[in-house]
Amino acid sequence: MANKSVVILGIESSCDDTSASVIRDGVVLSNVIANQDVHTKYGGVVPELASRAHQQNIVPVVYQALAQAKVKKTDIDAIAFTRGPGLMGSLLVGTSFAKAYAMALNIPLIEVNHMHAHIMALFAKETNEDFTHPSFPFICLTVSGGHTQLVKVSDHLTLEVLGQTIDDAAGEAFDKSAKILGLDYPGGPLIDKHAQNGDPLRFKFTHPKAPDYNYSFSGFKTGILYFIRDEMEKNDQFINENLNDICASIQHTIIGILFKKLNKVVADTNIKEVGLVGGVAANSGLRDALKQQEKIGWKTHIPKFPYCTDNAAMIAITAYYKYLNNEFTNQAISAKARYAI
Ligand code: KG4
Ligand code: ZN
């Protein structure tokens with residue numbers, strides 16, 4: 001097996017993006033992502049609409065991924081899919097497709113945990129040259145629309161969750177704050193955009209308390225809600241007149257909350273190799289804040305933009321390491337909406 005190249009097709013359908021990726025020996029050949037605009041007008045993902053869109057998108061997305069990679073379906077050595085966590089209806093589309101395709105091609109099937117995959121995005125490379133990835137063990141802060149976790153990663157397949165959110169995720173804190181401000185869904189990128197021209201210290205917001213290495217964001221969101229309600233009662237143009245400063249202050253507070261526990265983990269474990277992954281890792285303020293830590297001796301790692309938000313390359317990469325370790329699954333497998341790493 002060591003001499004033969006390994007081609008893996010990865011499928012991601014846990015939330016509102018349908019994605020397929022082909023990798024060869026851990027190198028990404030294609031990573032096709034179909035976003036679902038249908039949710040924007042509802043201010044959040046509508047699960048039933050997401051499943052229907054996955055159903056429509058999955059075959060064209062897979063075919064496009066194979067075509068871009070210049071790989072024939074008969075060249076694929078294994079099919080990987082997101083088993084969970086995620087929206088059940090969405091997961092079922094990817095899981096069923098992967099099972100059927102693996103059966104039709106008579107090749108192995110590999111199940112992947114979405115949160116594990118976000119971390120493995122740190123190993124997503126497009127060539128074999130000039131690629132740096134974290135060395136083990138490292139601490140990873142995973143920040144997405146549904147999850148916020150601090151994980152100790154000892155090797156590609158050995159992970160220990162040290163802390164996580166006890167209520168909202170960091171992405172939800174961005175999205176719900178944006179909704180309060182009347183911005184479209186998903187609001188994280190819009191807060192990021194406005195924040196770039198604002199004063200991060202203009203407004204002060206609550207830092208909710210959570211035990212140990214855990215996070216809490218629900219009190220933060222409620223604080224924003226009351227603050228905006230009170231200010232709008234005094235001046236109904238408050239949001240329009242101060243949008244950039246409000247966004248910069250919200251972003252600054254969320255980054256502060258995230259770093260408080262990350263700093264604590266790094267200090268307590270003395271592991272200074274640190275990764276930042278997940279959709280919120282696309283945030284420019286958070287990326288800058290992490291890079292600043294290099295000045296105090298941290299070695300920091302963030303995936304390229306397309307590998308931060310949901311994508312199938314991270315699923316295929318995780319599966320590659322499972323393939324090398326002979327971790328396959330069978331046709332009796334089913335999707336899991338709640339699935340801890
Ligand atoms: O990882 P992801 O694509 O999906 C989940 O698994 O949840 O993360 C989506 C989240 C959304 O909450 C979105 O607002 C947030 O990532 N996000 C951002 C930025 N880009 C995406 N949040 C802040 N700043 C950004 N630039
Ligand atoms: Zn995700």
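Annotations for the structure displayed:
- Residue identified as in a helix (DSSP H, G or I) and more than 20 Å from the chain's Cα centre (by Cα) among A98, A121: A98
- Within the set A248, A316, the sole residue that is part of a helix (DSSP H, G or I), in the same structural domain as S14 (by TED's automatic domain parsing) and among the hydrophobic types (A, V, I, L, M, F, W, C) turns out to be A316.
- Single unsatisfied condition, A248 versus (1) of a type outside the set (S, T, N, Q); (2) within 16 Å of ligand 1 (Cβ to nearest atom); (3) open to solvent by 30 Å² or more (accessible area, probe 1.4 Å); (4) more than 19 Å from the chain's Cα centre (by Cα): (3)
- Qualifying residue in segment 138-153 (condition: surrounded by fewer than 23 Cβ atoms within 10 Å (Cβ to Cβ), part of a loop (DSSP other than H, G, I, E, B) and away from ligand 2 (no atom under 16 Å from the Cβ)): no
- Residue in segment 42-63 that is closer than 28 Å to F131 by Cβ, among the charged types (D, E, K, R) and either outside any helix (DSSP H, G or I) or touching a residue at least 40 places away in the same chain (Cβ under 8 Å) (or both) present: no
- Considering the conditions (1) within 16 Å of ligand 2 (Cβ to nearest atom); (2) modelled with pLDDT of 95 or more, I76 is excluded by exactly one of them, (1).
- Residue match in segment 207-217 (condition: in a helix (DSSP H, G or I) and either within 14 Å of Q149 (Cα to Cα) or modelled with pLDDT of 95 or more (or both)): no
- For P134, the conditions (1) touching a Cys at 6+ places or on another chain (Cβ under 9 Å); (2) in a strand (DSSP E or B) all hold with the exception of (2).
- Between K176, K99, K70, the distinction of being within 18 Å of A281 (Cα to Cα), charged (D, E, K, R) and open to solvent by 40 Å² or more (accessible area, probe 1.4 Å) belongs to K176 only.
- Considering residues of segment 282-322 that are closer than 24 Å to S19 by Cα, hydrophobic (A, V, I, L, M, F, W, C) and within 8 Å of ligand 1 (Cβ to nearest atom) only, the residue most open to solvent (accessible area, probe 1.4 Å): A282
The values are calculated or read from the model by the stated rules, or taken from the named source; none is laboratory data. What you are looking at is a predicted structure, and each value in this text was computed from that prediction instead of being measured. Backbone-built Cβ (ideal geometry, glycine too); neighbour counts: all protein chains shown. These area figures cover heavy atoms from the full protein model, side chains too; ligands, DNA and RNA do not enter into them. Shrake-Rupley method; radii C 1.70, N 1.55, O 1.52, S 1.80 Å.
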